[in-house]
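Reviewing the structure listed below.
Derivation of every value follows stated rules applied to the coordinates shown; laboratory data play no part. On a predicted model such as this, the values are computed, not experimentally measured, just so you know. Note: ideal-geometry Cβ built from the backbone for every residue, glycine included; neighbour counts use all protein chains shown.
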Amino acid sequence: MDMTTDKGTAMNTLNVDITDEEILNRYQKYVGRKVTFIISTIFILILFAGLAGSIGQAKITIWEAYAAFFAKFLPDYFTANWLAETTVWNLRLPRIALGIVTGAGLGIAGCIMQGVLKNPLASPYTLGISAGASFGASLAIIGGAGIIGGQYLIIGNAFFFSMLVSLIIIGFAGRRGATPETMVLVGIAILYIFSAGTTLLQYFGEESAVVQSVFWSVGSLERASWSKVYICSAVVAACIPLLMLKSWDLNILTTGDDSAKSLGVNVKHIRVYTMSLISLMVASIVCFTGTIGFIGLVAPHITRLVIGTDYRYLIPASGIVGAILIVGADIVSRNIIPPIIIPVGVITAFMGGPLFLYLIMRRRMGYF
């Protein structure tokens, strides 16, 4: 009897030790750490953007670059000379803005792909979406054939074929008995098919066309313009809130398909819904920038290592980290062999490869 009483007293003591106030404090610290990380990365992105705006043949300081930006919106508080304002707004800011939107879109796409497919290697590149865009662009550049003619020939082809790849993957996702592994394998198969098609076109193409095709396929921000920034920004801005609405379902999905179904989550619907939005977002980006690899692969892993797998914070944080990586890579690409500008896709591959190997060696992939 005494033993039972002692056991009950011990259990009560354990329950009393963790009060509601302490649980609330722990939760606030949990959230605070994530919010602090997001705010810190925003400041880093702003710093990188200012640095990118100050680097180039026209020499301006980072403060002049910031002043040129804010003078447009707050002319009573900021002034900028003609050189700084013209250089920043006409030459450098479109490139920076396209880099931020591209990095954010690819980072978020990779984050959600890895979650819904439960595969740490899932990304817009490894699932063949970028390869489809590259094939479409090569078909337009080398063969002159496309869905839309005129000045939108290359962009139209790239968008069409990247969406075609996405629809194929989504089609397999909608089939009965389809698993995340099936979707990844389908994406890899498509990657090889379209890569082979691109290589075949380049083999038979004229030298000048092949050079242009190769340059497009490696990914670059050289074609940045305000019109492209507006289009990409509109699509990404429309898709992100729709993806955030499913953050709780994505959190539940991390427990496994069976557990998610038992909690009322329509797993098949979530996969098709998120993959559709991601496909639209990625296709809208890569049709302007070309193939930029490793951002969608590495940015989510870096973010998960710091703040965990809560998609309410992981989705926006992955986008910010992706933007930092793209803008940082662009700074390196413009300064490593000046005045030659190396395509940013080459820099991201050089950065992403070793970084991803480091993440693998740390064996911190257990969150899948």
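Where does helix 226-244 land angle-wise versus the long Cα axis of the chain, in degrees 0 to 90, nearest 10? Around 20 degrees separate the two axes. Listed peptides 152-160, 62-70 appear in the order 152-160, 62-70 once ranked by packing, highest mean of other Cβ atoms within 10 Å at the front. Rounded to two decimals, the Cα-based Rg/Rh of segment 52-189, with Kirkwood Rh, is 1.16. For segment 120-255, taking the reciprocal of the average inverse distance between every pair of different Cα atoms yields a Kirkwood hydrodynamic radius of 16.5 Å. Peptides 218-228, 325-335, 232-242, 103-113 ranked from most to least packed give 103-113, 325-335, 218-228, 232-242, packing being the mean of other C-beta atoms within 10 angstrom over each peptide's residues. Between 0 and 90 degrees, the angle of helix 344-361 with respect to the longest Cα principal axis of the chain falls at about 30 degrees. Dividing the mean sequence gap of close Cα pairs (under 8 Å, 6+ apart) by how many residues the chain holds gives a relative contact order of 26 percent.
Available extension along the chain between MET361 and ARG26 is 117.5 nm, counting 0.36 nm per residue and deducting the alpha carbon span. For ILE188 and MET244, a Förster radius of 25 Å and the Cβ-Cβ distance give a FRET efficiency of 0.30, rounded to the nearest 0.05. Simple spin-label estimate for LYS261 and LEU200 gives 3.9 nm between the two label positions (7 Å along the Cα-to-Cβ direction from each Cα).
Please work out how much length the chain gains when fully extended from ILE147 to HIS269, using 0.36 nm per residue of separation minus the C-alpha to C-alpha distance, in nm with one decimal. Mind showing how you got there, number by number?
Numbers: separation 122, 0.36 × 122 = 43.92 nm, distance 3.04 nm.
Between ILE147 and HIS269, full extension yields 40.9 nm more.
By the helix-only formula, in which each DSSP H run with n ≥ 4 contributes -39500 (n - 2.57) and the sum is divided by residues, the chain has a 222 nm mean residue ellipticity of -24500 deg cm²/dmol.
Checking the a/c ratio against 1.5 first, then a/b against b/c, what shape does the Cα gyration tensor give for segment 208-262? Judged from the Cα gyration tensor, segment 208-262 comes out oblate (a/c at least 1.5, b/c at or above a/b). Report, in whole Å, the centroid distance computed from the Cα atoms of segment 195-240 and segment 37-66. About 26 Å separates the Cα centre of segment 195-240 from the one of segment 37-66. Over all distinct Cα-Cα pairs of segment 234-297, the Kirkwood formula returns a hydrodynamic radius of 13.1 Å. At a Cα cut-off below 13 Å, give the aspartates and glutamates reachable from LYS261, other chains included and same-chain residues fewer than 8 away excluded. Hits, sequence-local ones excluded: ASP249. Semi-axes of the equivalent ellipsoid of the chain are 40, 29, 17 Å, computed as sqrt(5λ) over the eigenvalues of the C-alpha gyration tensor in descending order. Computed from the C-beta positions of PHE78 and GLU222, the FRET efficiency with R₀ = 41 Å rounds to 0.90. On full extension, the segment bounded by TRP63 and ILE42 gains 5.8 nm, given 0.36 nm per residue less the C-alpha separation.
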